[in-house]
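Note sheet for the following structure.
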Amino acid sequence: METPSYSELPKPMEPSQVPDPAPTASSREVIIIGGGLAGLSAAIYLGRALRDVLVIDAAESLAIWEPEVQNYLGFPEGIQGCELLRRGCQQARNYVAELIREEVDRIRRKDGRFYIHGKKAEFECRKLLLATGVYHLPPKIPAVDECVGKSIFFCKDCDGYRVQDRRVTVVGHNNEAAEYALGILVFTESLMLLTNGERAAWDKTHDQWLRDYNIPIYTDRIIQANHSQGFIRTLRLADGSEIPTDCLFTTRGDVFHNQLARQLGADLDDEGQVITDCCQRTTVPGLFAAGCVTPANCQMIIAAGNGATAAQTINRELFEEYVRAGELLRHRKKQLHRDTTEPVFAS
């Protein structure tokens, strides 16, 4: 499916900085599909391991839509998501990882290698890492794009802290929405739950919790979010009433970018996330996945950690394969042939 777009925000890499691929096939040791936090972290580790690594990026990282990331280690004043990506790109390039702007249409595996068909070029590699991420479905409210990241949020773990003592609305109609509403009580007492015209589908237990905690519930459809420069002021309902609110959390669900994993036959869980082991291996030999396309908690710093884990595993597997195939021995013989000095041993 075609991913809907949020409001137009600056991309982390301008076209002048990220070259288009050459129109010929490119063979690499490792290819990473996805230039978000997971993919860039993996590229940094693999580049430092002197691996020949290519990052294929379609500029779809959710970090693009974050005007201020407040919970990433090492940035006590916060950092814009685009800037975090820009720095990650530069760091990967410092270790000779190559980054290109390209969209991948299809992918196949044959004789232990991966063949990647993009819109502009074709690629092949020994190891493949999918860091394709997820898309959070926005609420069905007209003209909310400009509010995303400012006053419309998708994750209470990421953004609950910033809504302390503010008027918060949770939009949803299932158990997750009910739990979100209860979770937000930690941060503010001014809270309501809107089903946006949907019939409440939470179970009896969650319904009782909402009653016990006296959570106001509105079932009318939201027809407009009145805001000023992306900061919500009121929500207008279909019955004509307006509800004052400062922030909105939506729980419509996620769309995982798992199409490439599906093409390769990787196992997915019931939600569509790519199943991996603790080393980020999928069920397809040589194929890895990291970040929000996997069951990992969808946090930027966790995605970066996933990428590092995948890179370490990939590097180890390549090392073992090269030793078994004698490629490392051939490399060593070339080193010794070039060396014209006598070795010096400590006594």
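Values quoted throughout were computed directly from the atomic coordinates according to the rules given, and no laboratory measurement underlies them. Since the structure is predicted, the reported quantities are computational estimates derived from the model, not experimental observations. Glycine gets a Cβ as well: all are built from the backbone with ideal geometry, and neighbour counts include every protein chain shown.
General remarks:
- Bridge type composition, segment 145-250 - antiparallel percent by DSSP, nearest 5: 40 percent
- Cα gyration tensor shape of segment 145-250, rounded if a/c is under 1.5, else prolate or oblate by comparing a/b with b/c: oblate
- Ranking of V96, V186, V53 by count of other Cβ atoms within 10 Å, fewest first: V186, V96, V53
- Listed as lacking a disulfide-compatible partner in the chain: C82, C89, C125, C147, C247, C278, C279, by the criterion of no other cysteine Cβ under 4.7 Å.
- Length gained on full extension, D239 to C158: 25.9 nm, using 0.36 nm per residue less the C-alpha separation.
- Relative contact order (percent, whole number), segment 91-219, Cα cutoff 8 Å, 6+ residue spacing: 15 percent
- For the chain, the number of Lys pairs separated by eight or more positions or lying on different chains, with C-alpha atoms closer than 27 Å, is 15.
- The length gained by stretching the chain between R48 and D212 to full extension, at 0.36 nm per residue less their Cα-Cα distance, is 53.6 nm.
- With θ taken as phi - 60° and the Karplus curve 6.51 cos²θ - 1.76 cosθ + 1.60 applied, the whole-hertz 3J(HN,Hα) list for segment 96-103 is 6, 6, 9, 10, 9, 9, 6, 10 Hz, x standing for glycine and proline.
- Residue order for D212, D52, fewest other beta carbons within 10 angstrom first, comes to D212, D52.
- Gaussian network model of the chain, Cα within-10 Å springs - most flexible of S228, S151, S190: S228
- FRET E, pair L185, R324, Förster distance 45 Å, beta-carbon r, rounded to 0.05: 0.20
- 222 nm mean residue ellipticity, helices alone, for the chain (DSSP H n ≥ 4; -39,500 (n - 2.57); rounded to 500): -8000 deg cm²/dmol
- Label-point gap, in nm, between D277 and T205 - each point 7 angstrom along Cα→Cβ: 3.3 nm
- The chain: DSSP helices with Cα axial extent of at least 18 Å and average Kyte-Doolittle hydropathy no lower than 0.0: 300-325
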